[in-house]
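Colleague: What follows is a structure written as structure tokens; I'll ask about it next.
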Amino acid sequence: METNVLPRYDASENPTNCCPRFKPEGWDEQGLHFEDKLFVKATTRSLFHIPLNIGTVYPQTADAIKAEDAFDMDQIIVLSYEKSAWRAEHFFSVIKEVPGQEMVHISGDFITKVFEGPYKNAPIWEKELEAFVKSRGKQVKKTYFFYTTCPKCAKYYGKNYVVGVAEV
């Protein structure tokens, strides 16, 4: 497991000009190790876990990152963490500081699991991820999800892949 290296994110197929078609190969059941990995942190409001302003926060954050050429297009991940029923935090992986954005460093060991289906399955996926992690002799400290496509693109592609990322 290499430090701060993600499975390859293949963004080459993007007929929607929004979210590239996610290719899950290489993402399932992987170990990740981050040591001061750099992320831009964004926060969204929710109503009973339903995001309210994600449609503006995501594009604004991504535009700020793109303007600084801070994405590594082969190493993209956005870790989403539901802090409560009212708020979520999103961590966009970057390769350098982005002015005007909240920067955070994340360190730790993580295990991934790929899921497919509607977003409403997140509580089920979280339990499945925890069981998978336990089967590996580890314990979940915190659960993130990498929502690989927006709802419109998931509908277009006919698949909605979500990567569970458990900090262990």
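The values are calculated or read from the model by the stated rules, or taken from the named source; none is laboratory data. Not measured: the values here are computed from a predicted model. Positions of Cβ are backbone-derived with ideal geometry, glycine not excepted, and every protein chain shown enters the neighbour counts. Surface areas here come from the heavy atoms of the whole protein model, side chains and all, with no ligands, DNA or RNA. Shrake-Rupley method; radii C 1.70, N 1.55, O 1.52, S 1.80 Å.
Colleague: I'd like the Karplus ³J(HN,Hα) series for the stretch 110-118: coefficients 6.51, -1.76, 1.60, θ = phi - 60°, whole numbers in Hz, and an x wherever there's a Gly or Pro.
Modeller: Per-residue couplings from phi come out as 9, 10, 9, 8, 8, 10, 9, x, x Hz.
Colleague: Per residue, how much accessible surface does the chain expose to a 1.4 Å probe? Answer in Å², no decimals.
Modeller: Details: 9180 Å² over 168 residues.
With the other protein chains kept in place, the chain gives 55 Å² per residue.
Colleague: Just Phe34, Phe48, Phe71 to compare: in a GNM of the chain, with alpha carbon springs under 10 Å, which one fluctuates most?
Modeller: Phe48
Colleague: Right, something else. Which net charge results when you count Lys and Arg as +1 and Asp and Glu as -1 among the other residues whose beta-carbon is under 13 Å from that of Lys83? Provide the component values of the computation, followed by the final result.
Modeller: Details: positive: Lys41, Arg45, Arg87, Lys142; negative: Glu82, Glu89.
Summing Lys/Arg as +1 and Asp/Glu as -1 gives +2.
Colleague: Could you work out the mean projected area of the convex hull around the alpha carbons of the stretch 55-142, in square nanometres to one decimal?
Modeller: Details: hull surface 28.7 nm².
The number I arrive at for the stretch 55-142 is 7.2 nm².
Colleague: Rg(Cα) of the chain divided by 2.2 N^0.38 Å? If you can, show how the numbers build up before the last one.
Modeller: Numbers: Rg = 15.1 Å, N = 168, 2.2 N^0.38 = 15.4 Å.
Cα Rg divided by the expected 2.2 N^0.38 Å: 0.98.
Colleague: Also: So in the chain, what percent of DSSP beta bridges are antiparallel if you round to the nearest 5? Intermediate values should be presented prior to the final figure.
Modeller: Working: 37 of 38 bridges.
Close to 95 percent.
Colleague: Output the pairs from Lys41/Lys141; Lys96/Lys152; Lys37/Lys159; Lys96/Lys127 with a Cα-Cα distance over 26 Å in this structure; if there are none, say none.
Modeller: On the way: Lys41/Lys141 19 Å; Lys96/Lys152 30 Å; Lys37/Lys159 29 Å; Lys96/Lys127 34 Å.
From the list (Lys41/Lys141; Lys96/Lys152; Lys37/Lys159; Lys96/Lys127), the Cα-Cα distance tops 26 Å for Lys96/Lys152; Lys37/Lys159; Lys96/Lys127.
Colleague: On the accessible surface of the stretch 17-168, probed at 1.4 Å, how many percent belong to carbon and sulfur atoms? Present the calculation step by step, with values, prior to reporting the outcome.
Modeller: On the way: 4240 of 8160 Å².
Using a 1.4 Å probe with all protein chains present, the stretch 17-168 comes out at 52 percent carbon and sulfur.
Colleague: Any chance you could run the full-extension gain for Asn17 through Glu116? It's 0.36 nm times the residue separation minus the Cα-Cα distance, nm to one decimal. Show your work: numbers first, answer last.
Modeller: Values: separation 99, 0.36 × 99 = 35.64 nm, distance 2.16 nm.
Full-extension gain reported as 33.5 nm.
Colleague: When you count, for each residue, the other Cβ atoms within 10 Å and take the mean per peptide, how do 141-150, 82-91 rank with the highest first? Present the calculation step by step, with values, prior to reporting the outcome.
Modeller: Working: 141-150: 19.7, 82-91: 15.7.
Taking the mean over residues of other Cβ atoms within 10 Å, the ranking is 141-150, 82-91.
Colleague: Counting pairs of alpha carbon atoms under 8 Å apart in space and at least six apart in sequence, what relative contact order in percent does the chain give? It would help to have the intermediate numbers written out before the result.
Modeller: On the way: 334 pairs, mean separation 45.6, N = 168.
So the answer I get is 27 percent.
Colleague: Report the calculated FRET efficiency for Arg87 and Asp28 (r = Cβ-Cβ distance, R0 = 35 Å), to the nearest 0.05. Write out the running numbers ahead of the final one.
Modeller: Values: r = 29 Å, r/R0 = 0.83.
Approximately 0.75, to the nearest 0.05.
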